[in-house]
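Quick notes on the structure that follows.
Throughout, read-outs are computed from the coordinates displayed, never taken from laboratory work. These numbers come from a predicted model, not from an experiment. For neighbour counting, all protein chains shown are included, and Cβ atoms are generated from backbone atoms with ideal geometry for every residue, glycine included.
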Amino acid sequence: MSRFAIERPVLLVTLAVFINYIDRGNLATAAPLIQEQLGLTATQLGILGSAFYYAYVPLMPAAGWLVQYAGPKRVFAAGIAVWSVATALTGLAGGFVALLLLRLLLGVGESVAFPAATQIIAAVVPLERLGIANGIMSFGYLIGPAVGTAIGGFLMGYVGWRPVFVLFGLASLMWLWPWRRLSLPTSSVRADTSAIPNANADRPASPAFTAILSKRALWGASLGHFAANYSYYFIIAWLPFYLVKARGFSIGQMATTASWAYLFNAAAALVTGAMTDRWLRAGHSANSIYKPIMGLAQIGSSACMAAMVLLPPAGSIAALLAFEIIAGCSYPGLFAIPQIFAGPAATSRWVGIQNACGNVAGMVAPVATGLLVDRTGRFDLAFAVAAVVSVLGCIGWLWIMPRITPIDWQEVGGRNAPAAR
């Protein structure tokens, strides 16, 4: 397979998750305008912000199964069509109930994104290039909120929030044009299966769902994913408020600091993805590369959470930037690890479960932080909780999760499923 044939699916997948994070985040950008125009309470805005996850999280395991059964190409296309229409219709919503239903529909559409994206990468990218492929994808979804907020906020200032939602939704649908012209392997076999013991080059064993659930590696990675996401969602949801209210930053200083932090985060993911591939090609094992990165990232995150609240403003910002770099280094591994364990035969279902567990943090972290800040008037306990959760993530990656090596699903009782189309 040529280099271009490998890169084109990765680039299209990256563009899709970039769009994904723009469309899920534009409600926050428009919240002040929506509240003023529709007369919503702060509680109603909070419900709208959470509604996405209440559809997104529970549907992800089912989405993983659907991707394996019907094929990632058609399921991904259907998902982006649903979430694009939901985004466009949000611009026409007349009240709270309509907005709530559309946010739920957005979660339904976006639930297929990462199971499909990771399945495609597992199918077309060789083992020694999984790092950069996942690094590129991580860069896409990490930079999405920054770009969406900047462009969406600028446009909303001129034309209002309704036309921007319609425009973003219709623009998202344009992704389907290059996607329909993309050719993917008719089977779900990775381009290079040499690292998979006893892999069948025509049709790999597709394990039963119970076989995937029985794997200790799944639950170790799921705990680690939850911990990584907890800090991410905590910072994303509360960083602007924290910098302005607790550290006395102006809005301009806050925006500049946050933008640099997010840029460092995305760049670290991209660089780490390239470096992990270089180390693999140099002869190091996936286990000796990814386990230390994931464990050290959680330890570093815990230390940075403590430093951000204990140090003076300059030290706090240094700790924030350090956190963003450290966290970014771990993001390629979030999906490369399940791709290595599960292989093309089971990646979408594995990631469906793992990513659902990881995104429970999106339902918990912002709300828990708000409750702690309301109760104490300070961020100390909120940062302490994030630090403790990071320690739990270290336990998941280093102690619960076993050695990172491909699972032979035939040996554990795999069964053939329809090939991905």
Please find, in a Gaussian network model of the chain (springs between Cα atoms separated by less than 10 Å), the residue of ALA274, ALA150, ALA365 whose mean-square fluctuation is greatest. ALA150
Theoretical ellipticity at 222 nm over the chain - DSSP helices of four or more residues, -39500 (n - 2.57) apiece, nearest 500: -26500 deg cm²/dmol
Pull out the extension gain between LEU371 and LEU170, defined as 0.36 nm times the separation in residues minus the alpha carbon to alpha carbon distance; nm, one decimal. 68.6 nm
Quick one: angle between helix 72-90 and the longest Cα principal axis of the chain, in degrees between 0 and 90, rounded to 10, please. 10
To the nearest 10 degrees, how steeply does helix 313-342 sit against the main Cα axis of the chain, on a 0 to 90 scale? 30
Taking the Cα-to-Cβ direction at ALA78 and at ARG216 and moving 7 Å from each Cα, how far apart do the two end points lie in nm? 3.7
Residues of the stretch 7-33 with amide N under 18 Å of the 7 Å Cα→Cβ point at ARG181: 7-16
For the chain, calculate the relative contact order in percent as a whole number, restricting contacts to Cα pairs under 8 Å that are 6 or more residues apart. 29
For the stretch 356-366, take each phi angle, set θ = phi - 60°, evaluate the Karplus expression 6.51 cos²θ - 1.76 cosθ + 1.60, and give the result in whole Hz per residue in order, putting x for glycine and proline. 5, 4, x, 8, 4, 4, x, 7, 9, 4, x
Tell me, what ³J(HN,Hα) does each residue in the stretch 125-138 have, in order and in whole Hz, if you take phi through Karplus 6.51 cos²θ - 1.76 cosθ + 1.60 with θ = phi - 60° and put x for Gly and Pro? 10, x, 3, 6, 10, 5, x, 5, 4, 6, x, 5, 4, 4
If we count other beta carbons within 10 Å of each Cβ, what is the order of PHE323, PHE383, PHE209, fewest first? PHE209, PHE383, PHE323
Please arrange HIS284, HIS225 by counting, for each residue, the other beta carbons lying within 10 Å of its beta carbon, fewest first. HIS284, HIS225
Cleavage-rule hits (trypsin sites (Lys or Arg not before Pro)) in the stretch 338-392: DSSP loop, at most 14 neighbouring Cβ within 10 angstrom: ARG378
Could you calculate the contour length gain from ALA384 to ALA282, that is, 0.36 nm times the residue separation minus the distance between their Cα atoms, to one decimal place in nm? 32.8 nm
Taking every Cα atom in the stretch 1-180, find the radius of gyration and the maximum pairwise distance Dmax, and write them in Å. 16.7, 56
With bins of 5 Å, the percent of all Cα-Cα pairs of the stretch 288-421 per bin from 0 is 2, 9, 15, 19, 18, 13, 9, 7, 4, 3, 2, 0
Over the stretch 46-129, what is the mean sequence separation of C-alpha contacts under 8 Å (at least six apart), divided by residue count, expressed as relative contact order in percent? 46
Please work out how much length the chain gains when fully extended from ALA208 to LEU311, using 0.36 nm per residue of separation minus the C-alpha to C-alpha distance, in nm with one decimal. 32.0 nm
Spin-label point model (7 Å from Cα, Cβ direction): what's the LEU104 to TYR158 distance in nm? 3.7
Explain nothing, just the number: relative contact order of the stretch 208-407, from Cα pairs under 8 Å at least 6 residues apart, as a whole percent. 45
Mind giving me the nanometre distance, one decimal, between the label points for THR405 and LEU392, set 7 Å out from Cα along Cα→Cβ? 3.1
Per GNM of the chain with C-alpha springs under 10 angstrom, the most fluctuating residue out of VAL67, VAL82, VAL351 is VAL82
For SER206, enumerate residues with amide H under 5 Å from its amide H, sequence gap 5+ or separate chain, H modeled in the peptide plane. ARG415, ASN416, ALA417
Coordinate range along principal axes, alpha carbons of the stretch 208-407, Å, largest first: 52, 36, 24
